[in-house]
Amino acid sequence: MRIARIRRRDGAIVPFERRLVEGAVARAAERAGDEGSRAPAEVADLVEMALGRRYGPDRVRAPDVAGGQPNGTASLPGVEEIEDLIEEALIELGHAGVAKAYILDRARDARVRAALGAAGDDAPLGRRAPRVLVNGGLEAWSRARIVAALVSEADVPRALADEVAARVEERVFASGWKRISTSLVRELVDNELVERGLADALRRTRPVGIPRHDLSRWIAAPESEVEPGSAAPRSLEARVAGELLRRYALEDLLPDALEDALADGDFGLEDLDRVHLDLALSAPCDLFVAGEFDAPKAFELLQEVAGLATRSARCVVLEDCGELFQVLSRAPRGSAPDRLGSWLAALTAVSRACGRSIDLTARLKSRDRGPSAPPWFERLVEDLAQAEADGPRAGLPRVHLDATELVEAAASHPALERGVELLLARGRIVPTFGSNGERPVGPGLARGPRERGAIALRAAATLNLPRAARRAGPWREDALFEELHRVLGLALDALAALRDLRRGTSAKGPRARGLHAIVPVGLREAVAWIGDGAARPEAAARLLAFLAEAAERLGSERGLAVALCGSFGERDARRFAGLDARRFQVVQPNLFQTAESTRSEAAYSHGFDLAGILDAGGSRAEDAASVLSALPSGLLDAPGLLRAIARPQDGRAPLCAGLDAFERARARQRARTGVLYALPREHEAASLYSDDAPPTS
């Protein structure tokens with residue numbers, strides 16, 4: 001039998017109208033994007049059947065003495081009960097999305113009634129409901145709002161959400177507060193979720209915030225130091241936003257095991273405070289210019305570079321700028337404004353405004369010119385050297401040049417070599433090396449022989465090599481490789497966890513092939529520890545060869561293109577050193593003879609800084625080539641690497657002469673046969689050959 005009458009919220013008795021049920025469900029279905037479904041009619045049928053069973057003529061009608069209603073009317077269903085039946089019917093029929101939309105509509109209607117003075121249904125009898133402090137003012141208390149938030153945000157079942165909301169409401173009303181903030185309501189809800197063991201729901205509902213103490217300290221001293229890879233100090237707004245993004249990445253994107261290993265200092269992740277951005281982007285400059293280059297197009301290109309910089313976290317690389325430099329340096333100096341110098345100054349301003357470093361690449365060698373330097377190269381070196389002579393300038397671009405081509409071009413003129421020597425010492429010219437058709441174009445970025453288009457470094461993970469060496473012990477390279485295999489797996493799992501987020505945001509920028517990088521931190525310290533105080537180049541060569549092969553193999557198992565990179569790790573070099581100094585309290589002063597090793601709080605070396613490893617004697621260029629021969633390509637941008645391989649030579653600048661010796665030695669090293677080294681596996685040990693590995697001693 002169908003129900004005929006219902007009781008409204010104000011106690012009035014009105015006829016039951018099926019069309020109102022269908023209309024409410026239809027509106028929810030439209031919000032959920034499920035238009036045209038049979039949900040409204042099906043739900044109305046189930047609601048009528050349930051009401052008929054509960055309130056049919058065979059049901060016992062008890063007098064409603066407390067409510068003062070006539071005998072029989074107490075058995076009439078109320079609006080709240082009908083709304084509960086609608087939610088249950090939607091869930092039972094499999095319309096979960098429509099059910100969520102209906103719950104949200106119901107909560108919204110409750111807030112509207114509260115604002116119009118019709119509130120009070122949620123308040124327990126004899127207690128005054130507090131006002132809730134929200135953005136923009138005060139709102140009336142609503143338990144339905146808590147229920148809706150738990151269902152929509154944390155996927156908590158409706159029945160359990162009702163229990164949690166009722167318990168929170170009981171605590172709030174028992175406190176006697178007249179006002180309560182939404183953040184405190186969330187804390188009370190979180191406490192209930194903790195007591196009920198709902199860890200997953202707690203993770204989804206917990207807000208991401210910053211302690212007030214940190215905010216007060218940042219506001220009092222808003223200017224921060226220039227961070228690694230940045231051309232200018234970060235603003236207060238950027239620091240706050242970055243801290244929120246970093247906490248979000250740690251709490252929501254990484255599993256608990258990876259989060260613990262990351263916080264403990266086994267490995268690190270670069271720039272989590274910009275987790276939604278690619279770490280570095282690189283693209284040929286002719287992709288942004290239609291037709292032939294000219295001076296106006298060269299300056300218009302700066303706008304494209306600025307847009308590209310805002311879509312990267314650390315660095316932007318503009319490739320193949322030789323034609324661009326040629327156009328800008330075509331006019332004789334003195335007869336027209338120095339367009340190349342003006343363009344470099346404008347690029348520096350763009351870098352400082354965006355807070356990202358901007359690098360340039362160019363080829364110095366061509367078939368028709370031979371080893372001599374192109375005409376624009378002398379003008380470029382002169383302008384960059386003049387800018388450096390005026391004082392350190394943050395944001396001044398770096399130029400990546402092939403090491404062999406750079407040495408040959410610099411040797412063509414003594415004055416040119418002096419300028420190149422200055423720029424090498426200041427880090428404005430970065431030598432690169434490649435092989436087998438692979439050409440480095442930026443930090444962690446390498447391009448194939450015929451590859452065009454943009455490429456992006458999605459993320460980079462750092463490895464704490466000294467900690468792994470300490471766990472292994474002196475002369476235990478096998479144990480060191482096993483420990484690094486474990487830590488490398490954790491780091492690659494973290495990169496894979498970040499991959500989906502970066503895929504979702506990469507569509508906002510240029511389409512680019514994605515790469516990932518592993519950055520060694522503390523190579524010098526790890527080799528010294530494993531060698532019982534002696535940092536031997538052959539040990540460093542075996543360590544890098546193992547990491548290069550393992551990163552590529554384990555990365556491919558996770559669908560990642562991974563390579564070793566030495567261009568990052570500055571912040572983790574300090575963090576790892578501080579954590580290890582507190583963890584390893586046992587000091588053996590006689591084990592290491594260098595004064596630097598006794599300073600436990602000093603930052604570790606990072607990247608391919610081989611200064612301490614190459615100081616033992618012998619040919620430094622030969623040793624450096626041996627250590628890096630396992631890498632198919634890379635940048636020689638480590639702080640002390642070029643100084644370590646510098647060699648005095650009659651008539652030549654030391655850095656250029658050392659770079660020349662390094663390239664010659666590297667060509668000889670890579671022409672030799674491969675070596676045998678073992679990689680640990682989960683179930684068995686296997687020996688692999690690698691043609692890129694350095695020779696053993």
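The values are calculated or read from the model by the stated rules, or taken from the named source; none is laboratory data. Given the structure is predicted, the values throughout are model-derived calculations rather than measurements. Neighbour counts are summed over all protein chains in view; Cβ atoms, including those assigned to glycine, are modelled from backbone coordinates with ideal geometry.
Observations
- Residue selected from the range 222-242 under the condition touching a helix residue (DSSP H, G or I) at 6+ places or on another chain (Cβ under 9 Å), of a type outside the set (Lys, Arg) and over 27 Å from Ile455 (Cα atoms), by the criterion modelled with the highest pLDDT: Val240
- Residue in the range 28-55 that is farthest from the chain's Cα centre (by Cα), counting only those that are free of Cβ contacts under 8 Å to residues at least 24 places away in the same chain and either closer than 23 Å to Leu104 by Cα or assigned to a loop (DSSP other than H, G, I, E, B) (or both): Asp45
- Residue in the range 316-326 that is at pLDDT below 85 and in the same structural domain as Asp402 (by TED's automatic domain parsing) present: no
- Some residue of the range 646-668 being assigned by TED's automatic domain parsing to the domain that holds Glu570, in a loop (DSSP other than H, G, I, E, B), modelled with pLDDT under 80 and touching a Ser or Thr at 6+ places or on another chain (Cβ under 8 Å): no
- Selection of the range 251-273 for residues being in a helix (DSSP H, G or I), exposed (fewer than 15 other Cβ atoms within 10 Å of the Cβ) and either over 21 Å from the mean Cα position of the chain (by Cα) or touching a residue at least 60 places away in the same chain (Cβ under 8 Å) (or both) yields Ala257, Asp264.
- Of all the criteria given as (1) at pLDDT below 90; (2) of a type outside the set (A, V, I, L, M); (3) in contact with a strand residue (DSSP E or B) (Cβ under 8 Å, 6 or more places away or on another chain), the one not satisfied by Gly391 is (3).
- Members of the range 274-294 found to be outside any helix (DSSP H, G or I) and either without any contact (Cβ under 8 Å) to a residue 60 or more places away in the chain or β-branched (Val, Ile, Thr) (or both), listed by number: Val275, Val289, Ala290, Gly291, Glu292, Phe293, Asp294
- Checked against (1) assigned to a loop (DSSP other than H, G, I, E, B); (2) over 30 Å from Arg418 (Cα atoms); (3) of a type in the set (Gly, Ala, Ser); (4) modelled with pLDDT of 85 or more, Gly566 meets all criteria but (2).
- If you check Arg502, Arg471, Arg536 for being surrounded by fewer than 23 Cβ atoms within 10 Å (Cβ to Cβ), modelled with pLDDT under 95 and in contact with a His (Cβ under 8 Å, 6 or more places away or on another chain), only one passes: Arg502.
- In summary, Ala410 fulfils each of the numbered conditions (1) at pLDDT below 90; (2) within 23 Å of Ile358 (Cβ to Cβ); (3) crowded, with 24+ Cβ neighbours inside 10 Å; (4) of a type outside the set (D, E, K, R) with the single exception of condition (2).
- Annotation: of all residues in the range 474-499 being closer than 26 Å to Val275 by Cβ and among the charged types (D, E, K, R), the one that is surrounded by the fewest Cβ atoms within 10 Å (Cβ to Cβ) is Arg486.
- Restricting attention to the range 173-193, the residues being crowded, with 16+ Cβ neighbours inside 10 Å and among the aromatic types (Phe, Trp, Tyr) number 1.
- Of all residues making up the range 150-175, the number that are modelled with pLDDT under 80, under 30 Å from Ala96 (Cα atoms) and in a helix (DSSP H, G or I): 3
- Residue within the range 580-599 that is modelled with pLDDT of 80 or more, in contact with a helix residue (DSSP H, G or I) (Cβ under 7 Å, 6 or more places away or on another chain) and surrounded by 22 or more Cβ atoms within 10 Å (Cβ to Cβ) present: no
- Complete set of residues in the range 543-579 that are of a type in the set (D, E, K, R) and crowded, with 24+ Cβ neighbours inside 10 Å: Asp572
- Any chance Gly291 is more than 21 Å from the chain's Cα centre (by Cα) and at positive phi: yes
- Among residues of the range 87-101 that are under 12 Å from Ala44 (Cα atoms), those with a beta-carbon under 8 Å from a residue that is exposed (fewer than 15 other Cβ atoms within 10 Å of the Cβ) at least six positions away or on a different chain give the pairs Leu90/Ala96.
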